[in-house]
Each structure stands twice: as C-alpha cells, then as structure tokens.
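Values in this text are rule-based calculations from the coordinates and carry no lab data. Given the structure is predicted, the values throughout are model-derived calculations rather than measurements.
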Amino acid sequence: MTAIQEHTDDYALYNATPIAIAGQWPRELRGYAERNGITYPLLVDKDRKTIKNYGVYHWLSFEAYNIARPATFIIDIKGIIQYMYIGSHQFDLVDQTEVINYLKSLNTDNGLQIL
C-alpha cells in the first residue's frame, strides 16, 4: 500500500484512482493508514467476500492464513478488468512502474480505477 501511495500523482496523470481492499478490521486498517500516510481510499472486507470473489483469498501458507494475496487490478468504468497481477506469496508485489506503464497504454478518458 505504501508503494501505491508513492505513485498517487502518477495515477492522477492517467485519470486513475487507486483503491485498496483489505480483509482486516477497520481499526487496524485505519491505524496502518495513519502510520504510513496513506491518503487514497482503503476499503474493509472483514468477511473477505470481495477477496474471495476476485480469486485472491489464500486460506493457508507458511507465511500466514486467512489472508488475501497481494493483487492489483485495473478496472475500467464499465467494470471490466483490463489488467491483473496476483502475487504468488505475501511479498510478491506488482512493480508500480509496470502499472503506470500499462495506464499510459490505455485510453484514460474512460475513468479507470486501480484496485
């Protein structure tokens, strides 16, 4: 989430809005955002329904349980996924340069959102 924060100005250049969805309690997520200066929207998915629907729910691994794999989706205004990156483990994060370059290649007049 902090890597995304570092690039919020880049997303704005391409009419994209970063949004994070986390399967945590609101208080935990709020504390994390405050400690790390996160200014973009963070959404809570306590029951992990959205995480499961997007196919990133990970019940058990050596590093954790009942979590979401790190994932990035670029979703257009019609709700169609234009780009998807799902990490293979908790520390497998998308390269933000790759996301920004993909945004450059799209017609950003469609009001894209990054999830």
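Observations
- Normalised contact order of the chain, rounded percent, pairs of Cα under 8 Å and 6 or more residues apart: 29 percent
- Between 0 and 90°, nearest 10: helix 96-105 axis offset from the chain longest Cα axis: 40 degrees
- Close amide H partners of residue 58, meaning residues 5 or more places away or on another chain with modelled amide H under 5 Å apart, are 67, 68, 69.
- Taking every DSSP bridge with both residues inside the range 1-105, close to 75 percent are antiparallel.
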